[in-house]
Structures are given as C-alpha cells and as structure tokens.
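Asks: Questions regarding the structure given below will be posed in turn.
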Amino acid sequence: MFDPGFLWGAATSSYQIEGAVAEDGRGPSIWDTFAATPDAIQGGDTGAVAADHYHRFPGDVALMAGLGLRGYRFSLAWPRIQPTGSGAVNQRGLDFYRRLTDTLLDQGIQPWPTLYHWDLPQPLEDRGGWPARDTAERFAEYAALVHEALGDRVTHWTTLNEPWCSAFLGYATGRHAPGRREPAAAVRAAHHLLLGHGLAAEAIRGDDSHVGITLNLTHVTPVGTEPADLDAARRIDGMQNRLFLDPLLRGAYPDDVLADLREVTGFGHVHDGDLKRIGASLDHLGVNYYAPMLVGGSSTPTQSAYVGSPLVRVADGGRPRTAMGWEIDERGLLELLLRLKDDYPAVPLYITENGAAFDDVVEHDGVHDAHRVAYLDGHLRSCAQAIGHGVPLKGYFVWSLLDNFEWSFGYGPRFGIVHVDYATQHRTPKDSARWYAEVIRRGGL
Ligand code: IFM
C-alpha cells in the first residue's frame, strides 16, 4: 500500500500550458517554429496561448492546493531562461519560475521541475540541435544556471522528459519538432540527450539536490511465438526501454540494440568516458506509462520511430482504447514496474506521468469523466500491487493537471483532470479531479 510519505502529484509542461511565447524576453523554441509549419499540427493549433498558465499560475496553484496535491511536476522553458540557448540569463524568465516555485512552497506543494520537456531554443537547433554534441554541453550550462537560481528551494530535479520522443519523433519520424526525418541523426540525438542528462546531473547534484530523469517506458509482448515475433519484441523493447535504461542504470548500451542500429549509423559520436557520465548514479527514475505494446514480425518494411527495425508491426491487443487510440492495460504498468525491480539496480521510482485522453463532455453540472476515473483507478491499483511486491515506488503524478496542447494533435485530445475552456480560460475540475483529491485525502484507494 501507499505509505504516508507517498508523493501524490500532477504534471504539466511549459509549452503545453504556459502560452506567453513572446513575453518577458522569451526566445523562440523549436515548437514555435514547428507549430508555424503548415500541416504540422492538427487544426493549425500552436502553444502561443495554450492554457495561459504564465498569467494564471496563482489561480492554478490555488486549484492544486484545493485538490490537496503534495507535488507539482512542471517544466522550465529553456528559451525563457536563455533565449538563444547559451550565454547570459534572462532574469525575467527565471523570475517566473521563482514566483511559481515560491507560490507552490507557500501552499505546501513540493515543486518537481523538469529542465527539458522538448522546447529547445531554436538557435540551438539552427546549430545542429540534439544530433550535435554541443547541445549537450549547452544543456549542462543551462542546468547549472537554473540550479544556482532555484537550488535553495528545489530538492528534486528531473533533467529530461522522454528523450526517446525528442530523439526519434523529433529527428526520425518528423512528427515532433524540429520535424527532421534523418534516422542517423536521431540515433546521435538519443546519445547526446543522455550525455546532456549526465553532464547536467554532474552540474547540479549535491547534498540537497536529488537528480533523476523521466523515460517513457512500456511493457512489450510478442503477438506470437514465431521467431520474427520474438525478434520484434526484443527490438522494440530495446529501442523503447533498454536503449535508455541500460546506459543510465548499467553504464553501457545493450549490444543487441547497437547491432540493430548499426544498420543506420556508426557510433563514432560516442566518446570515451561518455557512458561513465551517463551512468553516474541516478537519485530517482521517473517512469511515464500510458499503454503496453503488442508487436509482431512483418514482411513489409515500414518507416517508423523504431529506426533500424523496419520489419516490425504493432498489433491490436483487442482492449478498450483512449481517445488517443492507446490500449488501456494497467497490467502493463505492473509488469513494467516489476521488470524494473528485477532487471536493474534498485533506484527510487516515481510515476511521473500516467493518464488518459477521453472525449469529455461538458454538461451543465460538470464533466463526468468516468472513463478517466476508471483508468486512473486501475493504474493506481497496479502501483499499489507493485509496492506490495517490493517495488520502491515513491510517488505518482497524474498527467495532466490541465487540458493542454497535445503536441502535433493540437488541443483536440484532453488529458486534464481539470477542464480548460480555451475561449474563456475558465477551469472546471472534472469528476476525476474530485476523485483524485479524495484518493490523496485517504492516502490511497
Ligand atoms: O502530453 C504528453 C507529454 O508531453 C509527454 N508524455 C505523454 C503525454 C501524452 O501524450
């Protein structure tokens, strides 16, 4: 069961909720550029206004306090703090996060900042982006600046959110900013993101600073027992999970994944000493889990985010799906947590994202999102079971506090436990928010 110190929280990210993209000296990010590209985002939506959190954060923190949240996971927009990605700090940008942090602390809510949730300063992309090693070094410099400013009030830091997405959606499929379709560059990006994590962790780790990273992990199973199906599962597990977990927790890339990726690129970009820095101890690991993956072999090559593995197909597990089309399976979360415990050195775990988009209906008396309540309830039951099996799970952040900009899907999908009317910016807690507040109040289900 959940112990009394379990951290009950909710999560958001800067570009998805803040808006105010040209205010107080913020520079452009790759998402501003990408969102301005014709057909990149459904409905032509952009993060220019989003949930206007930049102006409305005091009300949003009051909302969090009303729900009894103990932690709030948010991200800092690098281009607010270093508008060109390097050099002097933009104090006005930093001050926003100081005010946000102080307001959270005043309400007894633990701030859980993530330093990078995909909004790379555009000038760094113009100099090569994550496929260039220099970006990792700039990231460490930025991390040190933020730590210097907020280190007296923040104890738990997350370097990166979901480097898999940054690397493979951003540079291989082009579905995310910066929209490049260069598989070899994506592989370099993955390494430089990990290196950026390692360098940033070195810059900010200290007596009062706990440093972690958040990965989007999944539970992968083969659709059958044919060798091609088993190989597909090995490959997808390799790309989605082990490519990141192994260097971080074991100090080495998995040999089989390197062999798969050699189809795409060499590894001259991995320098001596990089893996030691990437594998220096993690104080916690953030796990984002949404859905399992059922995969099989395929005879038709497809281009996907799983570069180096074209003969793989994603199969239908026949389960109900969310509005994103993602299969709902809380059992996958339990399997994933048990696997982390069994296969890797012990490290405190936090679910830093879990949640679901559904087609919410606003009725005269609120948003009755029973599907979301059921989703969250099921996944929290898996968390409780995992703890019962000895998994060192220390906290859970629902994704998301607010409805927000869902990247290339725009504002269509709604993940919030709080509904946002984008025309008026009015916030309405959904039934799931009230349900979650009660879970927190009782300390469990
Ligand atoms: O909205 C995203 C978030 O930014 C990263 N993790 C997955 C969420 C839902 O797609």
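The values are calculated or read from the model by the stated rules, or taken from the named source; none is laboratory data. The model shown is predicted, which means the values in this text are computed figures rather than measured ones. Quick reminder, even Gly has a Cβ in these numbers, built from the backbone with ideal geometry, and neighbours come from all protein chains shown. Surface areas here come from the heavy atoms of the whole protein model, side chains and all, with no ligands, DNA or RNA. Shrake-Rupley method; radii C 1.70, N 1.55, O 1.52, S 1.80 Å.
Asks: Applying a 10 Å radius around every beta-carbon, put 102-113, 357-368, 427-438 in order of their mean neighbour count, most first.
Replies: Most protected by this proxy first, the peptides run 427-438, 102-113, 357-368.
Asks: While we're here: State to the nearest 20 debye the size of the charge dipole of region 35-120 about its Cα centre, where the only charges are +1 on K and R beta carbons and -1 on D and E beta carbons.
Replies: 260 debye
Asks: Now for a different question. Ignoring ligands, DNA and RNA, please state the percent of accessible area on region 220-308 from carbon and sulfur, probe 1.4 Å. Write out the running numbers ahead of the final one.
Replies: Values: 1940 of 3800 Å².
Reported share for carbon and sulfur atoms: 51 percent.
Asks: Based on alpha-carbon centroids, what's the gap between region 343-368 and region 180-252 in Å, whole number please?
Replies: 22 Å
Asks: Can you list the residues, at least 5 places off or on another chain, whose amide H is less than 5 Å from the amide H of Q110, using H built in the peptide plane?
Replies: It is G71, Y72, by chain and number.
Asks: Top mean-square fluctuation among G325, G238, G85, Gaussian network model of the chain, C-alpha springs under 10 Å?
Replies: G325
Asks: Here's something else I'd like to know. Please report the carbon-and-sulfur percent of the accessible area for region 1-132; probe 1.4 Å, protein heavy atoms only, DNA, RNA and ligands left out.
Replies: 53 percent
Asks: Going by average Cβ density within 10 Å per residue, which order do the peptides 271-283, 114-126, 1-13 take, highest to lowest?
Replies: Put in order of decreasing packing, that is 114-126, 1-13, 271-283.
Asks: What shape does the chain have by the C-alpha gyration tensor, where a ≥ b ≥ c are the square roots of the eigenvalues, rounded means a/c under 1.5, and otherwise prolate means a/b greater than b/c and oblate the rest? The partial results should precede the final answer.
Replies: Numbers: a/c = 1.32, a/b = 1.11, b/c = 1.19.
It is rounded, given that a/c, with a ≥ b ≥ c, falls under 1.5.
Asks: Okay, which of region 21-56 sit inside 19 Å, backbone N to the point 7 Å along the Cα-Cβ direction of D106?
Replies: Residues 53-56 qualify, since their backbone N sits under 19 Å from the label point.
Asks: Turning to a different aspect of this structure: Of all DSSP beta bridges located in the chain, what percent are antiparallel, nearest 5?
Replies: 25 percent
Asks: Now for a separate question. Quick one: 3J(HN,Hα) in Hz for region 251-256, Karplus 6.51/-1.76/1.60 with θ = phi - 60°, rounded, Gly and Pro as x.
Replies: Here the 3J(HN,Hα) series is x, 8, 6, x, 4, 5 Hz.
Asks: Amide H neighbours of L217 under 5 Å, counting only residues 5+ apart in sequence or on other chains, H built in-plane at 1.01 Å?
Replies: Hits under the 5 Å cutoff: N288.
Asks: If amide hydrogens are placed 1.01 Å from N in the peptide plane, which non-local residues have theirs closer than 5 Å to the one on V295?
Replies: T221, V223, A315
Asks: Assign unit charges at the C-beta atoms only (+1 for Lys and Arg, -1 for Asp and Glu), then state the dipole size of the chain relative to its Cα centre in Debye, rounded to the nearest 20.
Replies: Charge dipole, the chain, about its Cα centre: 360 debye, nearest 20.
Asks: Also, I was wondering about something else. Mean separation of Cα pairs under 8 Å and 6+ residues apart, divided by the residue count of the chain: what relative contact order is that in percent?
Replies: Rounded, it is 17 percent for the chain.
Asks: Are there any helices in the chain, counted as whole DSSP H runs, that stretch 30 Å or more along their axis by Cα and score at least -0.5 on average by Kyte-Doolittle, and if so which?
Replies: On the way: long enough: 183-204 (32 Å, 0.83).
Membrane-span-like by this criterion, though nothing is claimed about a membrane: 183-204.
Asks: Still on this structure, I have one more. Any idea how far apart T300 and R381 come out in nm if each label point goes 7 Å out from Cα toward Cβ?
Replies: 3.8 nm
Asks: Find which of A140, G27, T173 sits farthest along the positive direction of the dipole of the chain, computed with +1 on the beta-carbon of Lys and Arg, -1 on that of Asp and Glu, about the Cα centre.
Replies: A140
Asks: Answer with one residue from V295, A280, M324: the one whose Cα lies farthest towards the positive end of the charge dipole of region 219-329, charges on Cβ with Lys, Arg +1 and Asp, Glu -1.
Replies: Comparing the listed Cα positions along the dipole, M324 ranks first.
Asks: In addition: Rounded if a/c is under 1.5, else prolate if a/b beats b/c, else oblate: with a ≥ b ≥ c from the C-alpha gyration tensor eigenvalues square-rooted, which is region 274-415? Show your work: numbers first, answer last.
Replies: On the way: a/c = 1.69, a/b = 1.16, b/c = 1.46.
Oblate, since a/c reaches 1.5 and b/c is not below a/b.
Asks: Just subtract the alpha-carbon distance of A259 and R181 from 0.36 nm times their residue separation and send over the number in nm, one decimal.
Replies: 26.0 nm
Asks: Arrange the peptides 176-186, 382-392 so that the one whose residues have, on average, the most other Cβ atoms within 10 Å appears first.
Replies: Ranked by mean Cβ neighbours within 10 Å, highest first: 176-186, 382-392.
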